[in-house]
Amino acid sequence: MTSHQTAQTMKPATAAKKLGVYLQATPSEFQEGVVSRAELNALQADPPEWLRELRRNGPHPRPVVAAKLGVSISGLARAGVTDALTTEQVDALKTENPEWLRKERATQAEVRKETARLKEKQRTEDEA
C-alpha cells in the first residue's frame, strides 16, 4: 500500500500571521491563493522584496504593533488603536509617548514581573 501525501496548505490569513505581516497589504496573488508549507518556508528563508518592505515599513498587524510598542494587544484596544500602523506611525507614538502608552507599558511590565514570580514559585514547588 502506498501512501499519497498531499502538500499541507494554509489560508493566506494564516500565512500572513505566521509571516508577521498585515494581510491586506500583501500582493493580490498572495491574498487570493493558498500557501503551502514549502512556500511559507521559502518566504521565511528568502523573503521577496514585497515581504521585506512590509516587515520594514508596514503597515504592521496589531500583534507586531503591540510588540514594537511594548504593550499588549488588549492595551492597544483600550487605547483605541484598532488599525494596522506603519513603522513611521509606531515611531511617532514612541516619540510622543502619550499617557496611555506609558500606562500600558507599566501594566505590561507588571504582568511580566508577576509571570516571572509565578514561574519561579512553580519551579521552587517542583523542586521541593
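The values are calculated or read from the model by the stated rules, or taken from the named source; none is laboratory data. Given the structure is predicted, the values throughout are model-derived calculations rather than measurements. So basically every Cβ, Gly included, is an ideal-geometry build from the backbone, and we count neighbours across all protein chains shown. Just so you know, the surface numbers come from the protein's heavy atoms only, side chains and all, with ligands and any DNA or RNA stripped out. Shrake-Rupley method; radii C 1.70, N 1.55, O 1.52, S 1.80 Å.
Considering every alpha-carbon pair of the chain, the percent of pairs per 5 Å bin, from zero through the bin containing the longest distance, is 2, 9, 15, 16, 12, 12, 11, 10, 7, 4, 2, 1, 0, 0. Derived scalar couplings between HN and Hα for the stretch 52-68 equal 4, 5, 5, 5, 6, 10, x, x, 9, x, 3, x, 6, 4, 4, 5, 5 Hz in order, rounded to whole Hz, by the Karplus curve 6.51 cos²θ - 1.76 cosθ + 1.60 (θ = phi - 60°), x for Gly and Pro. The modelled label-to-label distance between Asp91 and Ala7, using points 7 Å beyond Cα along the C-beta direction, is 3.7 nm. Mind counting lysine pairs for me in the chain? Cα separation below 18 Å, and the two need to be 8 or more apart along the chain or on different chains. For the chain, the number of qualifying lysine pairs is 7. The simple spin-label model puts a point 7 Å past each Cα toward its Cβ; for Glu110 and Ser28 those points are separated by 4.9 nm. Highest mean packing first, where packing is the average number of other Cβ atoms within 10 Å per residue, the peptides 28-35, 43-50, 10-17, 114-121 line up as 10-17, 28-35, 43-50, 114-121.
On the protein heavy atoms, probe 1.4 angstrom, tell me the percent of accessible surface of the stretch 73-128 carried by carbon and sulfur. The C+S portion of the solvent-accessible surface of the stretch 73-128 is 52 percent. Label positions at Glu125 and Asn57, each projected 7 Å from the Cα along the C-beta direction, are separated by 5.1 nm. Counting only alpha carbon atoms, the long axis of helix 99-127 and the longest principal axis of the chain meet at about 90°. Highest GNM mean-square fluctuation among Thr107, Thr26, Thr95, for the chain modelled with Cα contacts below 10 Å: Thr95.
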